[in-house]
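Asks: Have a look at the structure that comes next, please.
The values are calculated or read from the model by the stated rules, or taken from the named source; none is laboratory data. As the structure is a computational prediction, the values presented were derived from the model and not from experiment. So basically every Cβ, Gly included, is an ideal-geometry build from the backbone, and we count neighbours across all protein chains shown. These area figures cover heavy atoms from the full protein model, side chains too; ligands, DNA and RNA do not enter into them. Shrake-Rupley method; radii C 1.70, N 1.55, O 1.52, S 1.80 Å.
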Amino acid sequence: MTELRIARVEGDAMLQAWQYVHNAIIPTAVLSLAEVRERAGRNRLSVAYLGDVPVGCSTVRPPADGASAATVIARVLPAHRGEGFGGQLYERGLAEARKAGADVIETCVLESNPEGLRFALGRGFVETERYVLPGDSVPFIDLRLV
């Protein structure tokens, strides 16, 4: 069996792989390649691969401007859920956030992703807020690790 490989996004091919996974899981907030490139400039983006096939991605928003909170988001394509890949992405992201000085860990899940919500709740996150982006109908759920 092929082992999961997680790599920090570098170059257009990896930006496109991250974009593909993000947009498949969050179809209500599709990002252009330019938007992904901009995010990569301020966040730590990674892609999870089985061989050369992207199966997941993650975002770590490090603490900003003296804050202590970081956001860690792990995404796994539906066909690859339940195989432990989300846990590997999450643990790596959590370690990056802690290394960046985070004392508080937050995440965000689209309400239409019940597997993602169960994943977060199962790791000790609690819901803090629900909101709908302008023009959307599916709420995002913000959660905080307790």
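Asks: Can you work out the Karplus-derived ³J(HN,Hα) for every residue in the range 130-141? Use 6.51 cos²θ - 1.76 cosθ + 1.60 with θ = phi - 60°, whole Hz, and x for glycine or proline.
Replies: Values per residue, Gly and Pro as x: 10, 8, 10, 5, x, x, 9, 10, 9, x, 8, 10 Hz.
Asks: Give a residue-ordered list of calculated ³J(HN,Hα) values for the range 20-28 (Karplus: 6.51 cos²θ - 1.76 cosθ + 1.60, θ = phi - 60°; whole Hz; x for Gly, Pro).
Replies: My calculation for the range 20-28 gives 4, 5, 4, 5, 5, 8, 10, x, 7 Hz in order.
Asks: Moving to a separate point now. Heavy atoms of the protein only, probe of 1.4 Å, neighbouring chains included. What is the accessible area of residue 39 in Å², nearest 10?
Replies: For residue 39, solvent-accessible area is about 70 Å².
Asks: May I pose another question? Could you please report the charge total around residue 144, scoring K, R as +1 and D, E as -1 over all other residues with beta-carbon less than 11 angstrom from its beta-carbon?
Replies: On the way: positive: none; negative: 106, 127, 129, 142.
Local net charge: -4.
Asks: With +1 on each Lys and Arg Cβ and -1 on each Asp and Glu Cβ, and nothing else charged, work out how big the dipole of the range 89-146 is about its Cα centre, in Debye to the nearest 20. It would help to have the intermediate numbers written out before the result.
Replies: On the way: 7 positive and 10 negative charges, 49 e Å.
With only Lys, Arg, Asp and Glu charged at Cβ, the dipole is about 240 debye.
Asks: What FRET efficiency comes out for residue 112 versus residue 8 if R0 is 30 angstrom and r is the Cβ-Cβ distance? Round to the nearest 0.05.
Replies: So the FRET efficiency works out to roughly 0.60.
Asks: Which residue, chosen from 74, 87, 17, occupies the Cα position most advanced towards the positive end of the dipole of the chain, where the dipole is computed from +1 (Lys, Arg) and -1 (Asp, Glu) charges on Cβ about the Cα centre?
Replies: In the chain, that residue is 87.
Asks: Which whole-Hz couplings ³J(HN,Hα) result when phi for each residue of the range 64-71 is put into the Karplus expression 6.51 cos²θ - 1.76 cosθ + 1.60, θ = phi - 60°, listed in order with x for Gly and Pro?
Replies: For the range 64-71, the Karplus-derived couplings read 10, 6, x, 6, 10, 9, 10, 10 Hz, x marking Gly and Pro.
Asks: About its Cα centre, how strong a charge dipole does the range 2-56 have in debye, to the nearest 20, once Lys and Arg get +1 and Asp and Glu get -1 at the Cβ?
Replies: For this selection, approximately 200 debye.
Asks: Assigning unit charges at the beta carbon (Lys, Arg +1; Asp, Glu -1) and nothing else, what dipole magnitude in debye, to the nearest 20, does the chain show about its Cα centre?
Replies: Here the chain has a charge dipole of around 240 debye.
Asks: While we're on this one: Over the chain, what is the mean sequence separation of C-alpha contacts under 8 Å (at least six apart), divided by residue count, expressed as relative contact order in percent?
Replies: Across the chain, relative contact order equals 18 percent.
Asks: Put 76, 146 in order of accessible area, largest first, 1.4 Å probe: what do you get?
Replies: Listed by decreasing accessible area, they come as 146, 76.
Asks: Sticking with this structure for a sec: Mean shadow of the chain, computed from the convex hull of its alpha carbons, in nm²?
Replies: Details: hull surface 34.5 nm².
One quarter of the hull surface, i.e. the mean projection, equals 8.6 nm².
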